[in-house]
């Protein structure tokens, strides 16, 4: 009977989300963990088979670091941001559009999805410009220095025509975080940024950013202190007060921007937790933190 009740609880969500676009970002830590990748692929395949129109964006920082190490190239980062020189972009092309993409495609195929591997260059999905040098504090000296991130890009436009064509015919696009500029220069783009931009352009019902933490926590080391949801106003207040620290800060800022751009609901969830994706979509409490616009709070609290 418990199993039947679980299915009945999912029924309203199935009605609500059928034919809606979901954009899911999966990080390199998950793709690099066989059990987590298999479970993730199973969840995505099930959502696709239940009628959701799935778009997946992947990262791959840990895998790129490992390949660089094997090739004798030392990763260079400033404040956690990668400087992508000419050697690094060549390896990024191999890793992002190659090995990681193939591994995720194979996992999705295993569970009955119909994935199509793409980069931001395919079908002009992403149009980028080279990031200009930026003044940033040097962590060692504390002084401001001009940093050139080299072959790193910022998204100027998203053309979702190809993605829409694929999801409307029940394929699942898998997008790697590479793009190019008007001169044909290949650029490395932050995968969270790619997912947020695509979700906003497609006016996605949901953006689900899979991380290695249980959403936004009141206490960093206490998963039980998770915020089930935050409005944009609440989230921005926390950002401005300095309550949000470390790697969660840019992720939360990204999903705030996506919701402001038209995404109905954005979620930060732990992709290393088995079936966290399905639980976030089909249960009231979910497993992570949902971000909504301020006007939607009362509707959510009323059960909408």
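The values are calculated or read from the model by the stated rules, or taken from the named source; none is laboratory data. Not measured: the values here are computed from a predicted model. Positions of Cβ are backbone-derived with ideal geometry, glycine not excepted, and every protein chain shown enters the neighbour counts.
Descriptive notes on the structure:
- Scanning segment 218-247 for residues that are modelled with pLDDT under 95 and either in contact with a helix residue (DSSP H, G or I) (Cβ under 6 Å, 6 or more places away or on another chain) or part of a loop (DSSP other than H, G, I, E, B) (or both) yields 218, 219, 220, 221, 222, 242, 243, 244, 245, 246, 247.
- Per the conditions (1) out of contact with any helix residue (DSSP H, G or I) (no Cβ under 7 Å at 6 or more places or on another chain); (2) modelled with pLDDT under 95; (3) not in a strand (DSSP E or B), the sole criterion not satisfied by residue 75 is (1).
- Candidates in segment 168-183 are the residues that are under 23 Å from residue 100 (Cα atoms) and out of contact with any strand residue (DSSP E or B) (no Cβ under 6 Å at 6 or more places or on another chain); of these, the one that is surrounded by the fewest Cβ atoms within 10 Å (Cβ to Cβ) is 170.
- Between 165, 193, the distinction of being over 12 Å from residue 56 (Cα atoms), surrounded by 18 or more Cβ atoms within 10 Å (Cβ to Cβ) and modelled with pLDDT of 95 or more belongs to 193 only.
- Test: residue in segment 252-271 that is modelled with pLDDT under 95 and out of contact with any strand residue (DSSP E or B) (no Cβ under 9 Å at 6 or more places or on another chain): no
- No other residue among 9, 42, 63 is assigned to a helix (DSSP H, G or I), under 14 Å from residue 210 (Cβ atoms) and more than 15 Å from the chain's Cα centre (by Cα) apart from 42.
- The sole residue among 29, 90 that is assigned by TED's automatic domain parsing to the domain that holds residue 188, more than 17 Å from the chain's Cα centre (by Cα) and surrounded by 13 or more Cβ atoms within 10 Å (Cβ to Cβ) is 90.
- The sole residue among 212, 188 that is under 25 Å from residue 33 (Cα atoms), in contact with a helix residue (DSSP H, G or I) (Cβ under 7 Å, 6 or more places away or on another chain) and either at pLDDT below 95 or not assigned by TED's automatic domain parsing to the domain that holds residue 87 (or both) is 212.
- With respect to the conditions (1) farther than 26 Å from residue 249 by Cβ; (2) in contact (Cβ under 8 Å) with a residue 24 or more places away in the chain; (3) more than 19 Å from the chain's Cα centre (by Cα), residue 71 falls short on a single one, namely (2).
- Any chance residue 269 is in contact with a helix residue (DSSP H, G or I) (Cβ under 6 Å, 6 or more places away or on another chain), free of Cβ contacts under 8 Å to residues at least 40 places away in the same chain and surrounded by 15 or more Cβ atoms within 10 Å (Cβ to Cβ): no
- Residue 70 over 20 Å from residue 268 (Cα atoms), touching a helix residue (DSSP H, G or I) at 6+ places or on another chain (Cβ under 9 Å) and loosely packed, with under 15 Cβ neighbours inside 10 Å: no
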